[in-house]
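Taking it in order: structure first as structure tokens, then the write-up.
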Amino acid sequence: MAAEYDFQRKPNPKGDGELQPMYPRIVNKGTITGKRLVSDISQATSFTPGDVEGVLAALESRISYYLSEGHHVQLGNMGHFSAGLTARPVMDKKEIHAQTIFFGKVHFRVSPGFRHSEDISGAERYRRLCAFLDANPFITRKDYSGITGLLKNKALNDLNLLVEKGILTTLGQGSHKVYVRAVNQCVAE
């Protein structure tokens, strides 16, 4: 995990001074702005900053529309959005009218696969890589993530380690980088 963390004590619900267990908490390094995100995506892909901004604006618009229509919206493998409502508390539902019900918070529920990588052994990941390369001339980081269940950074670390060991080599750069066998066949690690 690249994020830094610290430990914090849980609040004492009784307030009796008894020490509570500690839990890890990520140290916030700041907020990545939309402008920075657009710039990073543009530099890592063939999309212009205008393309990225346009797609983000279209996503915002469509997500907002579908939520207002009562849908949940799935966003890739990241998770899904849903909308909540607010209204004054009532004892009988006859006491409230549509004009007094408003959209409240928008909720985002993270998909389990986005939170953590699949836990498979290095040998099994390597077997899957060899099988993929038997059927294809190259593999991308995204392909490797797909066949191993690894998140982006761990997948990149795996592939770069295989490059360091001389098992794979790279062609291209940035978002166009692909990994190919350095020799004609996969070899045992």
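Please state which of the following conditions GLY17 fails to meet, knowing it meets all the rest: (1) at pLDDT below 85; (2) within 30 Å of SER175 (Cα to Cα).
That leaves (2) as the condition not met.
Only one of these is closer than 23 Å to MET78 by Cβ and more than 24 Å from the chain's Cα centre (by Cα): PHE103, PHE114. Name it. Reasoning before the result, please.
Values: PHE114 fails: more than 24 Å from the chain's Cα centre (by Cα).
None of the other options fit; the residue is PHE103.
In this structure, does ILE139 turn out to be open to solvent by less than 80 Å² (accessible area, probe 1.4 Å) and modelled with pLDDT under 90?
On the way: open to solvent by less than 80 Å² (accessible area, probe 1.4 Å): yes; modelled with pLDDT under 90: no.
No; evaluated as a whole, the condition is false for this residue.
Evaluate the range 102-124: report whether one residue or more is modelled with pLDDT under 90, surrounded by 14 or more Cβ atoms within 10 Å (Cβ to Cβ), part of a loop (DSSP other than H, G, I, E, B) and hydroxyl-bearing (Ser, Thr, Tyr).
Within the range 102-124, one or more residues are modelled with pLDDT under 90, surrounded by 14 or more Cβ atoms within 10 Å (Cβ to Cβ), part of a loop (DSSP other than H, G, I, E, B) and hydroxyl-bearing (Ser, Thr, Tyr).
In the range 74-100, what residues are in contact with a strand residue (DSSP E or B) (Cβ under 8 Å, 6 or more places away or on another chain) and within 19 Å of ILE63 (Cα to Cα)? It would help to see each step written out before you state the result.
To start, the set of residues in the range 74-100 that are in contact with a strand residue (DSSP E or B) (Cβ under 8 Å, 6 or more places away or on another chain) comprises 74-75, 78-87.
Matches in the range 74-100: GLN74, LEU75, MET78, GLY79, HIS80, PHE81, SER82, ALA83, GLY84, LEU85.
Given the criteria in contact with a Lys or Arg (Cβ under 9 Å, 6 or more places away or on another chain), open to solvent by 70 Å² or more (accessible area, probe 1.4 Å) and at pLDDT 80 or above, does PHE47 qualify?
Details: in contact with a Lys or Arg (Cβ under 9 Å, 6 or more places away or on another chain): no; open to solvent by 70 Å² or more (accessible area, probe 1.4 Å): yes; at pLDDT 80 or above: yes.
Against the criterion (in contact with a Lys or Arg (Cβ under 9 Å, 6 or more places away or on another chain), open to solvent by 70 Å² or more (accessible area, probe 1.4 Å) and at pLDDT 80 or above), PHE47 does not qualify.
Which one is nearest to the chain's Cα centre (by Cα), of the residues in the range 13-44 that are among the aliphatic types (A, V, I, L, M) and open to solvent by less than 70 Å² (accessible area, probe 1.4 Å)?
First, the residues of the range 13-44 that are among the aliphatic types (A, V, I, L, M): 19, 22, 26-27, 32, 37-38, 41, 44.
Pick out the ones that are also open to solvent by less than 70 Å² (accessible area, probe 1.4 Å) and you get 27, 38, 41, 44.
Working: VAL27: 19, VAL38: 16, ILE41: 14, ALA44: 16 Å.
The qualifying residue nearest to the chain's Cα centre (by Cα) is ILE41.
Any residue at all in the range 62-75 that is assigned to a loop (DSSP other than H, G, I, E, B), among the aromatic types (Phe, Trp, Tyr), surrounded by 12 or more Cβ atoms within 10 Å (Cβ to Cβ) and outside the structural domain of SER175 (by the TED database)? Talk me through it step by step, then tell me what you get.
Just the residues of the range 62-75 that are assigned to a loop (DSSP other than H, G, I, E, B), to begin with: 69-72.
Within this subset, residues satisfying the condition of being among the aromatic types (Phe, Trp, Tyr) are none.
Within the range 62-75 (the criterion being assigned to a loop (DSSP other than H, G, I, E, B), among the aromatic types (Phe, Trp, Tyr), surrounded by 12 or more Cβ atoms within 10 Å (Cβ to Cβ) and outside the structural domain of SER175 (by the TED database)), the answer is no, since none of the residues qualifies.
Sort out which residues of the range 146-163 are touching a Phe, Trp or Tyr at 6+ places or on another chain (Cβ under 8 Å) and in a helix (DSSP H, G or I), and write them in order of number.
Hits for the range 146-163 are ILE147, ALA155, ASP158, LEU159, LEU162, VAL163.
The values are calculated or read from the model by the stated rules, or taken from the named source; none is laboratory data. The structure displayed is predicted, hence computed values, not measured ones. Every residue, glycine among them, receives a Cβ derived from its backbone with ideal geometry; neighbour counts consider all protein chains shown. Please note that ligands, DNA and RNA were not included when accessible areas were found on the heavy atoms of the full protein model with its side chains. Shrake-Rupley method; radii C 1.70, N 1.55, O 1.52, S 1.80 Å.
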